[in-house]
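All remarks here apply to the structure that follows.
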Amino acid sequence: MAMKEKLEEIRQAAQKQLEAASDESSLEQLRVSLLGKKSELSQVLRGMGQLSADERPKIGALANDIRSSIESAIASRRAEIEKQLSAAKLAAERIDVTMPGTAHRRGSRHPLGQIEHEMAEIFRSMGFDIVDGPEVEYDYYNFQALNIPENHPARDTQDTFYITDNILLRSQTSGVQVHTMETTKPPIRVVAPGRVYRSDAVDATHSPCFHQMEGLVIDKDITMGDLRGILLLFAQKMFGESTRVRFRPHHFPFTEPSAELDISCFVCGGEGCRVCKGEGWIEILGCGMVHPNVLTMSGIDPKEYTGFAFGIGIERVAMIKYGIDDMRLCYENDVRFLREFA
Ligand code: DAH
């Protein structure tokens, strides 16, 4: 029987084509060509009118059977394709939790920050408060109130960044002494760390912006012996227990007497070496007894109170302690340099 064989052929061909369909769109094309109006199956069904009344129901039933078996084959093929797709997607998105991670380096404090912190902690342990002052300053606080006369060379515009005739970028932290004395009654015991500015060309030992830490102590009966004791303790905590100190006479307008303080070389102990340039001593700061004029201008009676002051260059301490031979390293932020202090 020709029609029955034709139908069986259609069934088998459909089976093969469906097995070969590998994605959604080719499956959809197949569905149209197998079951659509122009499909072979539809043509067979249209030709059923010519069949005998006896054959018609049998062929009809067979054709319907084939139709529904193709439909369910399409549905199961579609389900398979979807399963493959999602399996492929999952495989592509799979995260291997056992893979080694990317290490993130921890940042660390800048060496200048470390030194400033260390210095501040040493003075805090001796009962000092840590205070702050403005970087943009009146001429009065930076110079006049510190007993620096009008024609003093330090006022030269070549050394100081002037903003107007009487406003400038502070060239030293010493002005914080004046602010403190104006607002605080003795006893006073403060250190003031911060940036200072000078119109200097950059080289291995100069920078237009650097850091100082100012110290000020005012009370009854303060002597130069107190100054020496405080600075000796500071030097020993900073550079080692066996450090010795010596005063060298010097001049600062705001102190009388004034001195520079040297520490015994912490590398050679005073014998003379490369670090102390054969001297055995290293200069670390300026200091002295606060000048009576400075006390008076800031409203403190020099007959009742005396005091001392000191100013330490933070870069200088860092360079000496860490053996940094070029100050520019402190500002360039080359991570290879910074990591040495992590
Ligand atoms: N201000 C001085 C400077 O920048 C450092 C200094 C010296 C500060 C003696 C002081 C001091 O308080 O008593 O060179």
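The values are calculated or read from the model by the stated rules, or taken from the named source; none is laboratory data. Everything quoted here is computed from the prediction, not taken from an experiment. A quick note on method: Cβ atoms are made from the backbone with ideal geometry, for glycine too, and the neighbour counts reach across all protein chains shown.
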- Test result for Leu112, within 30 Å of Met238 (Cβ to Cβ) and at pLDDT 85 or above: yes
- Task: Name the one entry in Phe254, Phe234 that is in the same structural domain as Met119 (by TED's automatic domain parsing), within 11 Å of the ligand (Cβ to nearest atom) and in contact (Cβ under 8 Å) with a residue 40 or more places away in the chain.
- Result: Phe254
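Residues are listed down the side, and each one gets a yes or a no for (1) surrounded by 15 or more Cβ atoms within 10 Å (Cβ to Cβ); (2) modelled with pLDDT of 95 or more:
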| position | (1), (2) |
| --- | --- |
| Phe247 | yes, yes |
| Glu256 | yes, yes |
| Asp262 | yes, yes |
| Gly278 | no, no |
| Val294 | yes, yes |
| Asp301 | no, yes |
| Tyr305 | yes, yes |
| Ile314 | yes, yes |
- Query: Which numbered condition trips up Gly240, out of (1) buried (at least 21 other Cβ atoms within 10 Å of the Cβ); (2) under 20 Å from Ile324 (Cα atoms); (3) in contact with a Phe, Trp or Tyr (Cβ under 8 Å, 6 or more places away or on another chain)?
  - Reply: (1)
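Per-residue answers, yes or no, for (1) of a type in the set (A, V, I, L, M); (2) in contact with a Cys (Cβ under 6 Å, 6 or more places away or on another chain); (3) without any contact (Cβ under 8 Å) to a residue 40 or more places away in the chain:
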{"residue": "Leu41", "(1), (2), (3)": "yes, no, yes"}
{"residue": "Gly49", "(1), (2), (3)": "no, no, yes"}
{"residue": "Lys89", "(1), (2), (3)": "no, no, yes"}
{"residue": "Glu116", "(1), (2), (3)": "no, no, no"}
{"residue": "Glu137", "(1), (2), (3)": "no, no, yes"}
- Those residues of the stretch 148-184 that are crowded, with 19+ Cβ neighbours inside 10 Å and away from the ligand (no atom under 16 Å from the Cβ) come to a total of 0
- Is it fair to say Ile314 is touching a His at 6+ places or on another chain (Cβ under 6 Å) and of a type in the set (A, V, I, L, M, F, W, C)? yes
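Okay, residues lined up against (1) modelled with pLDDT of 85 or more; (2) in contact with a helix residue (DSSP H, G or I) (Cβ under 6 Å, 6 or more places away or on another chain); (3) over 30 Å from Ala88 (Cβ atoms):
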| site | (1), (2), (3) |
| --- | --- |
| Arg11 | yes, yes, yes |
| Ala20 | yes, no, no |
| Glu28 | yes, no, no |
| Ser42 | yes, no, yes |
| Gly47 | no, no, yes |
| Pro57 | yes, no, yes |
| Asn64 | yes, no, yes |
| Glu71 | yes, no, no |
| Ser76 | yes, no, no |
- Identify, by number, the condition in (1) assigned to a helix (DSSP H, G or I); (2) under 33 Å from the mean Cα position of the chain (by Cα); (3) within 16 Å of the ligand (Cβ to nearest atom) that Ala145 doesn't meet. (2)
- Note on the structure: Quick count over the stretch 120-133, residues being more than 11 Å from Gly215 (Cα to Cα) and surrounded by 14 or more Cβ atoms within 10 Å (Cβ to Cβ), is 3
- Task: Could you check, for the stretch 318-329, whether at least one of its residues is more than 40 Å from the chain's Cα centre (by Cα) and loosely packed, with under 14 Cβ neighbours inside 10 Å?
- Result: no
- Taking only the stretch 290-342 into account, find how many residues are basic (Lys, Arg), closer than 14 Å to Glu116 by Cα and touching a residue at least 40 places away in the same chain (Cβ under 8 Å). 1
- Any idea which of Pro187, Pro208, Pro249 is farther than 30 Å from Asp156 by Cα, free of Cβ contacts under 8 Å to residues at least 60 places away in the same chain and either more than 14 Å from the ligand (Cβ to nearest atom) or assigned by TED's automatic domain parsing to the domain that holds Ser125 (or both)? Pro187
- Can you name every residue in the stretch 1-33 that is of a type in the set (D, E, K, R), within 60 Å of the chain's Cα centre (by Cα) and in a helix (DSSP H, G or I)? Glu24, Glu28
- Would you check which residues across the stretch 229-249 are over 18 Å from Phe266 (Cα atoms) and outside any strand (DSSP E or B) and list them? Gly229, Ile230
